[in-house]
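Only the coordinates and a few stated rules stand behind these numbers; no lab work does. Predicted model, so just to flag it, every value in this text is computed and none were measured. Here Cβ is always computed from backbone atoms with ideal geometry, including for glycine, and neighbour counts include all displayed protein chains.
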Amino acid sequence: MASLRLIIEDGHFQDAHGRHVLLRGINVAGDAKLPSEPDVPSHVVQDFFDGDNVKFHNRPFRKEDAHIHFSRLKRFGYNTIRYVFTWEAIEAAGPGRYDEVWIQHTIDVLRTARDYGFYIFMDPHQDVWSRYCGGSGAPMWTIYACGLNPQSFAATEAAIVHNTYPEPENFPKMIWSTNYYRLAAATIFTLFFAGRDFAPKCIIDGVNIQDYLQGHFIRACEHLAKRIHEAGDIENDVVFGWESLNEPGRGMIGHADLSIIPDEQKLKKGSCPTLWQAILTGSGRACEVDSWDMGGLGPYKVGRILIDPHGETAWLPESYDDSRYGWKRDPGWRLGECIWAQHGVWDQATDILTQKSYFEKHPTNGNKLDYHAFTNTYFMAFYRKYRDAIRAIHKDAIMLCQPPTLELPPSIKGTEDDDPRMVYAPHYYDGITLMTKKWNRTWNVDVVGVLRGRYWHPAFAIKIGETAIRNSFKEQLAAIKKEGQDYMGNHPCILTEFGIPYDMDDKQAYKTGDYSSQSAAMDANHFAVEGAMMEGYTLWLYSATNDHQRGDQWNGEDLSIFSVDDQTLPVSAIPRTPDLNQSTSSLLKLATANTRQEVDDETSVTPSNLKRTLTNPSISSKRPSSDPELTNAPGYRAAEAYVRPAPIATNGAIIDYVFDLKNCEFTLNIEGTKATADDFPTTVFLPEYHFPKEQCTVAVSSGKWEISTDDEERTWVQKLRWWHGDGKQSLKVTGLIRPHNSLAGTAEEAGYLEQCQQSYGVDLKSCSVM
């Protein structure tokens, strides 16, 4: 049996030569959330409800274009891809009806990725359950299977859906994420994870809705895994693992009182009904609910608004014909009325909430179901089924366990679930920047610290100044990683999502070409990931169809590092000068490569035009007006902050590494071990945008090094190779230094301090309560 490309040893990734591997990756691609036939981005209502006939045959992009995208991402220094796909792409036509055309397309695209040397893990992606609940993921028929009518979600606000929003242009920023707390997604996630316990009357095809939904989801992923396995040249060669369901929600499970908004619900934006109010409006009743908005200090109440469905309900009518999908619903499950009324949660005759604590405790053992209890019970029961189904096909699969976002991981350390081939896969976003779409250099909040109760008062979680903000991000990620080790055991930690919005400040950068705010935010996030010593990360997001008008084409989000309206960072088609210390075979490869046509859309870069590009504070800034041909040209989309040096494979464990963007300085410290062969040195991705070979200096603690550019993985990439000894070893590379914007002024900081004192009654300068 051939050796595996990637293994886990003592909580770290290693390649076949025993070198430690850093998985530096990106999510590919946001386009996979949406069908390609018909092409229905989230702001279009036409054909939206024809969910049985959608096709994802060209997602994440056409296979003919795959080489362009993978070549670009390889030049950006990525070696890993989180491959985004949806359950809907596999099984949209109905239960058990798999789209083999899409599956073959996926295999073809994965084969192209293999040629570029990527490590890939599969991501069964969802957001608030489905496109029909305002997100992505599950097929439309799952909504009907749960007895819900997606065409009535708009009137009842069972979900706020961009496609059916009255004025798509004015769709509120990030309001889609509040759908986790609205009736549709809250109900379906409850059924998916705990239908047997909380909705025993919901029987379909002789099984509870929980087993029906989980069974179809797992079998769909299992079928995809089987086809990848049968392809013969993808499993392990490129696809090393499978992640569990993206960002799972717990629905109503654990809610102590349906009539109030629980303290742990930090996200409040737009209409904000309690779950009881959501149940009422879902049954056609009018309710006046609180309305909230998101500001710099978090959510704040703005008033009350009326949700009036005018008698329309979110539930399927009694006359609905189940034969459409061929399933048989148990007679005890009555269509035309709320399933929670059928289970005694409320009385439809009087509109009285009779069991406000119905979901608070486990109905069998009476244990209270807080977030951690949910993770340890219902989530882990699902994860085990999913893991075992995938491993039955892909026997060597590394499983990436993703519990609910920003919650404590499952307590499995030392148990049978403490799997040596498991990865902890958390997510983290700078929520203030994401929700407000502004990069505030003056202050931010230690969100993880607040969630874990580390502060006597939330005001003490506020971090003042950009240095403190950056360090806070790093400390939060380090704490997340440590929680994984404490609760799950010694496993690698891959941050499978983090990112920044590019449409900051009302898209000001799209008018000026100046992406300095985006660059600062992106650099702060990468500084945190590097400093927290994650074993890997996958940035959110690469989208092939992003543009300035619609962003990622999904819910107004705009997080893609690539846009058709911006230029990609220029690259050199061939090395500027051959390396004298390269082998004859390497030079032959370079000479041969000169005769073939490069299949990419990039332009060349030389030291002279690179200097011209860098006359502004950011590579992504607008080009100088002295060049009439380039005036007002689009920018490079903060590329200098994500195209950054990083270790690829090291002969020894990484102690720490960091890229100082301001001073263009990269440092790496490792605990060196003797290389298995001279052919496998410690290797670092060294982007020539920051480190032109002729204009950088290298210092090492021992051994020899070389900087060379080759296309051993089909794309010209500059790397530093370092042959060193045992023990602690250090590397330092200094590149092209350029000016950067300074931190926010002290006047702005002082104004914020005063605001905090007035809002919280806390003197932040002395850290005392006023």
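Relative to the current alpha-carbon distance between D257 and Y300, full extension at 0.36 nm per residue lengthens the span by 13.3 nm.
Under a model in which nothing but the beta-carbon of Lys, Arg (+1) and Asp, Glu (-1) is charged, the chain shows a dipole of about 1020 debye around its Cα centre. For the chain, adding -39500 (n - 2.57) for each run of n ≥ 4 DSSP H residues and dividing by the number of residues yields -8000 deg cm²/dmol at 222 nm. If we count every other residue with Cβ under 12 angstrom of I26's Cβ, Lys/Arg +1 and Asp/Glu -1, where does the sum land? Net of charged neighbours comes to +2. Between K674 and D39, the modelled label-to-label distance comes to 5.9 nm, taking each label 7 Å out from Cα in the direction of the beta carbon. Taking a straight Cα-Cα cut-off under 22 Å and skipping sequence neighbours fewer than 8 places away in the same chain, the lysines within cross-link reach of K463 are K266, K437, K438, K474, K481, K482, K662, K765.
Compared with the dominant principal axis of the Cα atoms in the chain, helix 183-198 is inclined by about 80°. Note on E169 and F49: the model spin-label points, each 7 Å out from Cα along the C-beta direction, lie 2.6 nm apart.
What is the sum of charges, Lys and Arg at +1 and Asp and Glu at -1, for the other residues whose Cβ falls under 15 Å from the Cβ of T697?
That sum, taken over residues with Cβ under 15 Å, equals -3.
The slack between Q355 and K226, meaning 0.36 nm per residue of separation minus the straight C-alpha distance, is 42.0 nm. The modelled label-to-label distance between R550 and T512, using points 7 Å beyond Cα along the C-beta direction, is 2.8 nm. Helix 100-115 and the longest principal axis of the Cα set of the chain meet at an angle near 20°.
Our summary gives the chain a relative contact order of 13 percent, counting only alpha carbon pairs under 8 angstrom and 6 or more residues apart. Nearest 10 degrees, 0 to 90: what angle lies between the long axis of helix 380-393 and the longest principal axis of the chain (Cα atoms)? Between the helix axis and the principal axis of the chain, the angle is about 60 degrees. Beyond 19 Å in Cα-Cα separation lie the following of the pairs K33/K269; K361/K385; K268/K301; K173/K301: K33/K269; K361/K385. Summarising the amide proton neighbourhood of V423: residues at separation of 5 or more, or on other chains, whose placed amide H is nearer than 5 Å comprise M399, L400, C401. A simple count of charges around Q553, restricted to other residues whose Cβ falls under 10 Å of its Cβ and scoring Lys, Arg +1 and Asp, Glu -1, yields -4.
Could you point to the label whose value was computed as volume of the Cα convex hull per residue in Å³ for the structure here, given (i) 191; (ii) 330; (iii) 168? Read-out from the structure maps to (iii). Let me test this: with uniform point scatterers at the alpha carbons of region 15-138, what is the Debye-based log₁₀ I(q)/I(0) at q = 0.16 1/Å? One equal scatterer on each Cα of region 15-138 leads to -0.79. Peptides 202-211, 80-89, 143-152 ranked from most to least packed by the mean count of surrounding Cβ atoms within 10 Å: 80-89, 143-152, 202-211. Were the residues from H457 through D233 laid out at 0.36 nm apart, the gain over their Cα-Cα distance would be 75.1 nm. Among 242-251, 362-371, 159-168, the peptide with the highest mean count of other Cβ atoms within 10 Å heads the list, and the full ranking is 242-251, 159-168, 362-371.
Write down, largest first, the equivalent ellipsoid semi-axes of region 73-151 in whole Å, where each equals the square root of 5 times an eigenvalue of the alpha-carbon gyration tensor.
Sorted largest first and rounded, they come to 30, 15, 7 Å.
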